[in-house]
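Comments concern the structure below.
The values are calculated or read from the model by the stated rules, or taken from the named source; none is laboratory data. Nothing here was measured: the structure is a model prediction, and the numbers come from that model. Glycine gets a Cβ as well: all are built from the backbone with ideal geometry, and neighbour counts include every protein chain shown. Accessible surface is based on the protein model in full, side chains and every heavy atom, while ligands, DNA and RNA are left aside. Shrake-Rupley method; radii C 1.70, N 1.55, O 1.52, S 1.80 Å.
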Amino acid sequence: HGRALFDPAVTTAYRSSLLPHARVVCPNGHEAVLLAGEDGLDGEALARRLGAPTVVTGGRADGVEAIDTLHDGGEPLTLRTRRVATANNAGSGDALSAHLAAGLAQGMSLRHALVDAKARVHAALVASADWTLGSGPGPLDHAARP
């Protein structure tokens with residue numbers, strides 16, 4: 001939501017001790033800025049600052065598309081899907097990261113794993129779009145298949 005969840009020393013520890021060892025990092029736009037410690041950087045500059053291939057998630061162009069972009073030192077890979085109008089989106093970024101990790105564990109290339117993860121999360125959002133479960137953001141349908 002654009003505000004730090006922990007003390008600045010934790011951000012420093014992430015930057016110095018965790019990110020240099022990461023195969024890929026998947027912050028949303030707000031998290032990427034907090035981790036980079038600098039606002040106004042483009043995706044490639046954020047990835048260089050974070051020190052790992054980076055998927056900046058959750059960007060939206062005009063509220064109609066959900067945009068995720070991979071910056072891995074090559075040509076950026078931008079994936080766009082129709083934004084799903086639903087309150088059932090709790091954990092969608094976490095789901096993307098989990099599917100990406102699963103694809104990598106299965107031997108997929110980073111780019112193929114991201115394309116697959118994006119399709120799976122989009123299908124999960126579509127499948128749960130009309131669910132009514134209490135108040136506030138609800139879950140995705142993790143059983144959905146693209």
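Just a few scattered comments:
- Of the complete DSSP H runs in the chain, those spanning 24 angstrom or more by Cα along the long axis with a mean Kyte-Doolittle score not below 0.5 are 110-128.
- For region 65-110, the carbon plus sulfur part of the accessible surface works out to 50%, probe radius 1.4 Å.
- Cβ-Cβ FRET estimate between His30 and Leu77, R0 fixed at 30 Å, reported to 0.05: 0.90
- Each of Ala32, Thr69, Ala98 was scored by the projection of its Cα onto the charge dipole of the chain, and the greatest displacement toward the positive side belongs to Ala98; charges sit on the C-beta of Lys, Arg, Asp and Glu.
- Rounded to the nearest 20 debye, the dipole size of region 29-120 about its Cα centre is 320 debye, using +1 on the Cβ of Lys and Arg and -1 on the Cβ of Asp and Glu.
- Taking a ≥ b ≥ c as the square roots of the eigenvalues of the Cα gyration tensor, region 1-42 is oblate, since a/c reaches 1.5 or more and a/b is not larger than b/c.
- For the chain, the solvent-accessible area works out to 57 Å² per residue, with a probe of 1.4 Å and every protein chain left in place.
- Overall dimensions of region 6-74 by Cα: Rg and Dmax, Å: 12.0, 37
- Radius of gyration (Cα atoms) of the chain, expressed as a multiple of 2.2 N^0.38 Å: 1.05.
- Sequence-distant contacts, meaning Cα pairs under 8 Å at least 6 residues apart, place the relative contact order of region 29-97 at 22 percent.
- Region 70-130: C-alpha gyration tensor shape, a/c 1.5 cut-off, then a/b vs b/c: prolate
- Applying 1/(1 + (r/R0)^6) with R0 = 22 Å to the Cβ-Cβ distance of Ala102 and Thr132 gives a FRET efficiency near 0.15.
- Taking Leu46, Leu77, Leu18 in turn, the Gaussian network model of the chain (Cα-Cα springs below 10 Å) assigns the largest fluctuation to Leu18.
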